[in-house]
Amino acid sequence: MRRLNTAVLISLALFFCLGAAPVNKPKTLDVNQDGKPDVFYHHDGENVTRIHADTNYDGTDDILVHVEDGKFKKAQIDADHDGEYETKIDNEAQFKNWVNENRPDFNDSLGWDDYSCKISKVFWKPGEHN
């Protein structure tokens, strides 16, 4: 009986501990509508914390945007698609200009005016997120 009680207590403790840990799977967006996600929005359960994107649709990330306290912090760009982030931008306006000039199809998904938006409001196009 004592072993049964111990086993039940351990099972309940594991269930509640493992069940309580939130799994914040990144939200995704398929920019070119090919069925594969191109932009990944990492979040803390509510707010976007990091964004990475595949802007040339080759399956490899080439833009990484860091967001801190709901504000753009910096972006890293692999413009020549060699696997190395050679361009670093610390200015939000400069990053928005870069996106507009180089990848305008990603303006809505990367060049935001407000990075503090809630993850539930990120997706404005029905059916394009998970």
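Every number in this text was worked out from the coordinates using simple rules, so none of it is lab data. Keep in mind that this is a model prediction, so the values were computed, not measured. Cβ coordinates were reconstructed from backbone atoms using ideal geometry, including for glycine residues, and neighbour counts include every protein chain displayed.
Just a few scattered comments:
- Here Thr49, Thr55, Thr60, Thr87 are placed in order of increasing Cβ neighbour count within 10 Å, fewest first, which gives Thr60, Thr87, Thr49, Thr55.
- Once the Cα-Cα distance is subtracted from the 0.36 nm per residue extended length, the Ser116 to Asp58 segment shows a gain of 18.0 nm.
- Over 22 Å apart at the Cα level, from the set Lys36/Lys96; Lys71/Lys96; Lys27/Lys74, are Lys36/Lys96.
- Close amide H contacts of Thr28 (hydrogens built in the peptide plane, cut-off under 5 Å, sequence separation of 5 or more or a different chain): Tyr41, Asn130.
- Of the GluC sites (Glu not before Pro) found in the stretch 18-88, those that fall in a DSSP loop while having at most 12 other beta-carbon atoms within 10 Å are Glu46, Glu84, Glu86.
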